[in-house]
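Below: the structure, in structure tokens.
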């Protein structure tokens, strides 16, 4: 009996291992293709190189012309000097190779998370490493969107549970009525908030992350940060909270009208217990999914919200990088996003297997 | 009764659906009116700006908003020499002296924003010479200088530095203020009455002519106000309606229909087709939509149709495929499809005529709520400065307002008008969509 059990457990484990390996492989290919597409788009299929060549030429010409050391060279010598400098720069950026080979090389570096050096941009500390540039902006995005999304998530799940308990009440109907307000994105409410609370009634700053110059003491810094965060945070919250409550409420209602819940009610189990064991437990996997996907969503920030509030986060960074055609920075942020997303999807696959026994059965059948 | 008609009958019982439909109908009516009243080439032409707007004030708010707040901000007043009488005075030896009085009846207590005199001379060789004087209702006469006039002349009276120092305040204030020493009152008020600009022209040719137009720019204009280039915002806000609706509708149709057909094809053919579609969907999940749109906008072109194309292409393999797949899978084995196969229906026929229509009602709410998402996406791109280069849209008005720090300068109408229209569109479609969701989504019907 025991041998049989362990045998089936072993088979299960083997299957799980095979499944995991297959899934990992598929995800890796997915990331590979996604990143390659981004590389091609960010380089305009190689057309950015032509722009770069023009830029290099004009920069070199400017340098040589402005340098007094080269003043007394003849025109011909100066021309040769320029050519040599351009050649050096081209070789440094390896623009003389065909784009296709270089794109494969970019892909290899990106997949190995070797993000390289930025072409134009640098971090505020002066570093040209893409890694440093991104790391410098990351905390700004995380603190704003982390707070915002966690707030929205927990408030909405909690409120939805409460509403689903007494649906049809005035409060419930009010939330349903307000749900369409989420058709507008956060930046849109941001504009209104800036108008109302920064200009008509100047209670909060209209943009930025801390006061300039930044306060010295940690407490004053935190207070200034909180004041600057209030409006963008409110914008995120307003734009998402009602739709979020609405969808969770519907979700809980559908789950609480299942037969087994009715059965539990009929047995006379206490409401709290029903909620925990009969409603929340089976709906755990969608909740975890949306929680993890929300955490991933944090990473990319929100370009426009950050622009509207002048927030120095990743969205602003990406926008600047695209404007300056700084491909290493663009590719760097997309690569990290892709990896995080793939890791989350993988984690979700495993979590589903643990949380939801039906998923395991399904796989065995297929 | 068919499910559609039954659904529509049920829809009438939702007040939000009726309100949403009313908003959408109003927007569509506005769009149709706009396209007929201001044809596309004319709208582009108008929005390019330039001379045609020179008689409108800069950054003027809407009239009704000012009156609602109890203001008495002036509208723009003009006086043209064509309507005024020209008196020819003593003429000698090929030289003529003309005297024209351009009069405006100024009824407001607030000051105009600018005063400009447009001159247009018609002469052969010798340019006419004009002397300008300003007469207030009290009879006080203020000289405004003299000049020779070319074919087209423009005298910015309100920007005359010399006049400003003589009056002790900005000319458009000084010329209209109550008489008395400058700076004594806290907030000077304009004196209503008849103001006259007296033009004395010396013509050196027998046939030379001078046409003059005095424009006293107001602080408010029309229903919707003007922007920093004097353009009437009505053009952009009106034209924004068909553009927004078309973009939202086309993008929503493009993405949902292709996604649905592809999902149905994947379910029907199964095997490697299905697997490929699943993998493509996963790849698409990794590609961030907005950064790619921004990249396309900065690197290629910001044409709205290119953006639409990219949105649709990236939306084809969206996460919706997984949802539709789950809905379509049980249909595969349904009896009526078996029957269709038995009579020899082709694969495309089964997909398009039997599978897709079956889940359309469930799709309708998603589709309706998707429209405002794309309307806002277009606005988002425009706010980032990636709006269509020639078309006026709501997003571009917002972008201009942001770029000119409209909120900081107190031009609230400039932000609020496009924002209100965007919000209206969003609410209209969302309210209808939510109601549709409850009508057509059987899982929600009992809830």
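Conditions (1) under 24 Å from residue A:337 (Cα atoms); (2) within 11 Å of chain B (Cβ to nearest Cβ); (3) over 22 Å from the mean Cα position of the chain (by Cα), marked per residue:
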residue	(1), (2), (3)
A:107	yes, no, no
A:125	yes, no, yes
A:134	yes, no, no
A:145	yes, no, no
A:160	no, no, yes
A:163	no, no, yes
A:169	no, no, yes
A:175	no, no, yes
A:184	no, yes, no
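Between A:203, A:197, which is touching a residue at least 12 places away in the same chain (Cβ under 8 Å), in the same structural domain as residue A:314 (by TED's automatic domain parsing) and more than 18 Å from residue B:394 (Cβ to Cβ)?
Details: A:203 fails: touching a residue at least 12 places away in the same chain (Cβ under 8 Å).
On inspection, the qualifying residue turns out to be A:197.
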### Message
If I filter region A:314-330 for residues that are touching a helix residue (DSSP H, G or I) at 6+ places or on another chain (Cβ under 6 Å) and on the phi > 0 side of the Ramachandran plot, do I get at least one hit?
### Response
yes
### Message
Take residue A:253 and tell me if it is touching a helix residue (DSSP H, G or I) at 6+ places or on another chain (Cβ under 9 Å), on the phi < 0 side of the Ramachandran plot and modelled with pLDDT of 85 or more.
### Response
no
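From the list A:325, A:360, exactly one residue is at pLDDT 75 or above and either away from chain B (no Cβ under 11 Å) or under 30 Å from residue B:298 (Cα atoms) (or both). Which is it? Spell out the reasoning first.
Numbers: A:360 fails: at pLDDT 75 or above.
Criteria check complete, one pass: A:325.
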### Message
Checking residue A:271 against (1) within 25 Å of residue A:248 (Cα to Cα); (2) within 14 Å of chain B (Cβ to nearest Cβ): exactly one of these is not met. Which one?
### Response
(2)
### Task
Consider residue A:102 carefully, then state whether it is more than 14 Å from chain B (Cβ to nearest Cβ), part of a helix (DSSP H, G or I) and surrounded by fewer than 17 Cβ atoms within 10 Å (Cβ to Cβ).
no
### Message
Contact list please: Cβ distance under 7 Å, first residue in region B:135-151 and touching a residue at least 12 places away in the same chain (Cβ under 8 Å), second residue assigned to a loop (DSSP other than H, G, I, E, B), pairs at least six apart or on different chains.
### Response
B:137/B:191; B:138/B:179; B:140/B:179; B:142/B:175; B:148/B:127; B:149/B:127; B:149/B:128; B:150/B:127
### Message
Would you confirm whether or not region A:236-246 contains a residue that is under 24 Å from the mean Cα position of the chain (by Cα), within 29 Å of residue A:184 (Cα to Cα) and free of Cβ contacts under 8 Å to residues at least 24 places away in the same chain?
### Response
no
### Task
State whether the residues of region B:430-444 include one that is on the phi > 0 side of the Ramachandran plot, within 10 Å of chain A (Cβ to nearest Cβ) and either in a helix (DSSP H, G or I) or surrounded by fewer than 20 Cβ atoms within 10 Å (Cβ to Cβ) (or both).
no
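From B:213, B:200, B:189, grab the single residue that is in the same structural domain as residue B:152 (by TED's automatic domain parsing), modelled with pLDDT under 85 and either farther than 13 Å from residue B:394 by Cα or buried (at least 20 other Cβ atoms within 10 Å of the Cβ) (or both).
Working: B:213 fails: modelled with pLDDT under 85; B:200 fails: modelled with pLDDT under 85.
Step by step, each of B:213, B:200, B:189 is checked, and only B:189 is in the same structural domain as residue B:152 (by TED's automatic domain parsing), modelled with pLDDT under 85 and either farther than 13 Å from residue B:394 by Cα or buried (at least 20 other Cβ atoms within 10 Å of the Cβ) (or both).
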### Query
Inside region B:20-64, can you point out the residues that are assigned to a loop (DSSP other than H, G, I, E, B) and in contact with a helix residue (DSSP H, G or I) (Cβ under 8 Å, 6 or more places away or on another chain)?
B:38, B:59, B:62
### Task
Could you tell me whether region B:412-423 includes any residue that is over 23 Å from residue B:58 (Cα atoms), touching a helix residue (DSSP H, G or I) at 6+ places or on another chain (Cβ under 9 Å) and either in a loop (DSSP other than H, G, I, E, B) or modelled with pLDDT of 85 or more (or both)?
yes
## Note on the structure
Checked A:251, A:199 against criteria (surrounded by fewer than 20 Cβ atoms within 10 Å (Cβ to Cβ), over 25 Å from residue B:402 (Cβ atoms) and within 14 Å of another protein chain (Cβ to nearest Cβ)); the one match is A:251
### Query
Do we find a residue being within 10 Å of chain A (Cβ to nearest Cβ) and more than 30 Å from residue A:316 (Cβ to Cβ) anywhere in region B:258-277?
yes
### Task
Can you run down the residue pairs with Cβ atoms below 9 Å, 6 or more apart or on separate chains, where the first is in region B:3-31 and within 14 Å of chain A (Cβ to nearest Cβ) and farther than 15 Å from residue B:368 by Cβ and the partner is crowded, with 16+ Cβ neighbours inside 10 Å and at pLDDT 90 or above?
none
### Query
Exactly one of (1) within 29 Å of residue B:431 (Cβ to Cβ); (2) buried (at least 18 other Cβ atoms within 10 Å of the Cβ); (3) at pLDDT 85 or above; (4) within 13 Å of chain B (Cβ to nearest Cβ) is unmet by residue A:306. Its number?
(1)
### Task
For residues that are within 12 Å of chain B (Cβ to nearest Cβ) and part of a loop (DSSP other than H, G, I, E, B), tally how many sit in region A:32-88.
1
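Only one of these is within 14 Å of chain B (Cβ to nearest Cβ) and at pLDDT 85 or above: A:340, A:317, A:298. Name it. Walk me through how you get there before you give the answer.
Working: A:340 fails: at pLDDT 85 or above; A:298 fails: at pLDDT 85 or above.
Going through A:340, A:317, A:298 in turn, just one is within 14 Å of chain B (Cβ to nearest Cβ) and at pLDDT 85 or above: A:317.
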### Those residues of region B:75-95 which are within 21 Å of residue B:213 (Cβ to Cβ) and touching a strand residue (DSSP E or B) at 6+ places or on another chain (Cβ under 7 Å), in sequence order
B:75, B:76, B:77, B:78, B:79, B:80, B:81, B:82, B:84, B:86, B:87, B:88
### Task
State whether one or more residues within region B:127-147 are at pLDDT 85 or above, within 32 Å of the chain's Cα centre (by Cα) and surrounded by 19 or more Cβ atoms within 10 Å (Cβ to Cβ).
no
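Only one residue in A:154, A:188 is closer than 18 Å to residue A:241 by Cα, part of a helix (DSSP H, G or I), at pLDDT 85 or above and within 14 Å of chain B (Cβ to nearest Cβ), so which one is that?
A:188
The values are calculated or read from the model by the stated rules, or taken from the named source; none is laboratory data. For clarity, every value in this text was computed on a predicted model and none was experimentally measured. Positions of Cβ are generated from backbone atoms using ideal geometry, with glycine treated the same way; all protein chains shown enter the neighbour counts.
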